Amino acid sequence: MHISVFDPASPQAANLLWLWKACMWVCVFIFAVVTASIAYMLVRYRQRDSNEPAQTGGNKKLEVAWTAIPIVLVTLLFVLSVVVARAVDRPVRREPDIVVTGHQWWWQVDYPAAGATTANEIHIPTGQDVLIAVESADVIHDFWVPRLGRKIDAIPGQRNFVWISAKQPGEYLGACAEFCGAQHAWMRFRVEAQNSAAYESWLAAQAGPAAEPSAVDATNGKQRFRQLTCANCHNINGVNPQKQYAPDLTHIAGRKMLAGELIQNTPENLRRWLREPNLIKPGSYMPNFHLDDKDLTDLTAYLAALK
Ligand code: CUA
């Protein structure tokens, strides 16, 4: 899974790459003309004797040419930009499919119609234009999936919109593209594009309540989740009321990565994270609760069972 604007996987990203190439070729043309002219004049008008060279007072043809050519180039770039902007940023005339909220340093992902919430992993159906509303809970972030669409700022108190889509099923890496504090670099996320049947069943499962633990340690873990202050920030559907100060954990075991793509979501890593989050992600707002071994085992067992 790579992150590159040069390998577009959606019409939006392909349009942007096309515009980038068009601008680059215009710049290459200008660069070539200026460089060649300088080289020619360095040789042609080099000093051969001590006489002052002939002075030219004005040249109407030249002046018209060097005014007209830049106007044509700038107009061309303007028209191309407008055409691409219209294709990429179509007008928003309906409710968003997904609401993404930037937090220091993770992404909250809500599917309003289905009533599902997750974090750092956005599932979309392939072959459809997906409208995402982008918001922020704290500072300015920037939502960007280079292979699927444009960048869009996440600004507190302001709802922005972006269209993304994916032609093929697959995983596409995203990143926060606006410096937002200590862990800006690990404010990554992934978009998982699925065919519509797989997407619908994922969405239905996400909207459902959390799995009920059956094993003894997991059952203890659920109790400890409530007793300790975990429940002050994290939501688990059916366990404590809707709170989104920290990533939703209702189906955390179904996610591939933890901590903004920093570590794989395995029971071992989950335990390491619970033991001392700041060792893994310095500056993270997840505090160190100095949990003892039993709590670590029980909480890990509980969270790992939340498929
Ligand atoms: Cu959020 Cu950078």
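Please report the carbon-and-sulfur percent of the accessible area for the range 95-194; probe 1.4 Å, protein heavy atoms only, DNA, RNA and ligands left out. Taking all protein chains in place, the range 95-194 shows 48 percent carbon and sulfur surface.
Taking 0.36 nm per residue of sequence separation and removing the Cα-Cα distance, the Ala185/Ala68 pair yields an extension gain of 37.6 nm. With a threshold of 27 Å on the Cα-Cα distance, the over-threshold entries among Lys21/Lys60; Lys151/Lys281; Lys256/Lys281; Lys222/Lys256; Lys21/Lys281 are Lys21/Lys60; Lys21/Lys281.
When all protein chains stay in place and ligands, DNA and RNA are ignored, the 1.4 Å accessible-area order of Trp18, Trp106, Trp202, largest first, is Trp18, Trp202, Trp106.
Can you name the helices of the chain, as whole DSSP H runs, whose Cα span along the helix axis is 15 Å or more and whose Kyte-Doolittle mean is not below -1.0? Answer set is 11-44, 60-88, 196-207, 293-304.
Relative to the current alpha-carbon distance between Lys243 and Lys256, full extension at 0.36 nm per residue lengthens the span by 2.5 nm.
The length gained by stretching the chain between Ala231 and Val92 to full extension, at 0.36 nm per residue less their Cα-Cα distance, is 46.4 nm. Adding -39500 (n - 2.57) for every DSSP H run of four residues or longer, then dividing by how many residues the chain holds, sets the calculated 222 nm ellipticity at -12500 deg cm²/dmol.
Summing charges over neighbours of Phe143, with a neighbour being any other residue whose Cβ is under 15 Å away from its Cβ, gives -4 when K and R count +1 and D and E count -1. Annotation: peptides 203-211, 89-97, 186-194, 122-130, ranked by per-residue average of other Cβ atoms within 10 Å with the highest first, follow the order 186-194, 122-130, 203-211, 89-97.
At 1.4 Å probe radius, can you tell me the per residue accessible area of the chain in Å²?
Ligands and nucleic acids excluded, the figure is 54 Å² per residue.
Straight-line reach from Lys167: which aspartates and glutamates fall under 15 Å, measuring Cα to Cα and dropping same-chain residues less than 8 apart? Straight-line reach from Lys167, under 15 Å: Asp7, Asp129, Glu192.
As an exercise, use a Förster radius of 45 Å and the Cβ-Cβ distance of Cys23 and Ala207 to find the FRET efficiency, rounded to the nearest 0.05. My answer for the efficiency is 0.55.
The values are calculated or read from the model by the stated rules, or taken from the named source; none is laboratory data. All values reported here derive from a predicted model rather than from experimental measurement. As a convention, Cβ positions derive from the backbone with ideal geometry for all residues, glycine included, and neighbour counts pool all protein chains shown. Each accessible area value is taken on the protein alone, full model and side chains, heavy atoms only, with ligands, DNA and RNA left out. Shrake-Rupley method; radii C 1.70, N 1.55, O 1.52, S 1.80 Å.
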